[in-house]
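Here is the structure we will look at.
The values are calculated or read from the model by the stated rules, or taken from the named source; none is laboratory data. These numbers come from a predicted model, not from an experiment. Note: ideal-geometry Cβ built from the backbone for every residue, glycine included; neighbour counts use all protein chains shown. For accessibility, only protein heavy atoms count, side chains too; no ligands or nucleic acids. Shrake-Rupley method; radii C 1.70, N 1.55, O 1.52, S 1.80 Å.
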Amino acid sequence: MTKTTNQNRILWLINKICAVLPVFFWLFLIFGFESPEMAAITILSALAHELGHLTYICMRGKSKINLRGSINGFRINSNRSISYGEEIATYASGPLVNILLWLIFSLLYPILGYFSALIAIINLATAVSNLLPIKGYDGYGIIRAALEKRSLCGRSLVFLSRISSCLVLALCILSLYLIDRKGGGYWIFAIFFISMLNHIKDGLGE
């Protein structure tokens, strides 16, 4: 066994660990600050969201799909290039699943009661938050792909990036307000605070 082979195996192991650790980070954070039922439904809504992406990718026959955890959520990578229309549909497929679940459990409210309403609200919140034009979110990807499809790059993408930065800052402030006034929203603040750090890092790298 060569030294290069050992190094490759170590790098492979490190990559796998890095893909899993953020998932445990968010699990501990959510279950630490939310009630068990709220935390469980939030996780299931996120998994349903990613399942929507994966289902569409599989239906389109994309190969070597990779679902990994990152510090600001799950990320899906595919090694094949796709058209702008397919890219938009891929981004939209996740929120679409959450919207469908919202509709289904809203209709089931008279039968299931409180838990049905809770599942519906969390799925709607998941869909809406992911459709925000924030870098790394589905809404940003949809708008960016639509602009590139129409060859509206340059200033349009710069403007979109600035909107993203302003939204992240505003949501961080709103989350801090909720923490101060309502005593909750810690993990929501963590999500947008990490997004803000990513925006700063990207800005420094340009």
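Considering only segment 114-128, I want to know if a residue exists there that is outside any helix (DSSP H, G or I) and farther than 23 Å from Ser164 by Cα.
no
Out of Arg75, Arg144, I need the residue that is within 22 Å of Glu50 (Cα to Cα), modelled with pLDDT under 85 and either within 19 Å of the chain's Cα centre (by Cα) or open to solvent by less than 60 Å² (accessible area, probe 1.4 Å) (or both). Which one?
Only one candidate qualifies: Arg75.
Could you list all residues from segment 92-117 that are in contact with a helix residue (DSSP H, G or I) (Cβ under 7 Å, 6 or more places away or on another chain) and modelled with pLDDT under 90?
The answer is Tyr109, and nothing else.
Could you check Ser45 against (1) of a type in the set (Ser, Thr, Tyr); (2) modelled with pLDDT under 75; (3) surrounded by 15 or more Cβ atoms within 10 Å (Cβ to Cβ) and say which number it fails?
Only one criterion in (1) of a type in the set (Ser, Thr, Tyr); (2) modelled with pLDDT under 75; (3) surrounded by 15 or more Cβ atoms within 10 Å (Cβ to Cβ) is unmet by Ser45, namely (2).
Is there a residue in segment 183-200 that is at pLDDT 80 or above, open to solvent by less than 50 Å² (accessible area, probe 1.4 Å) and either of a type outside the set (Gly, Ala, Ser) or under 20 Å from Leu131 (Cα atoms) (or both)?
no
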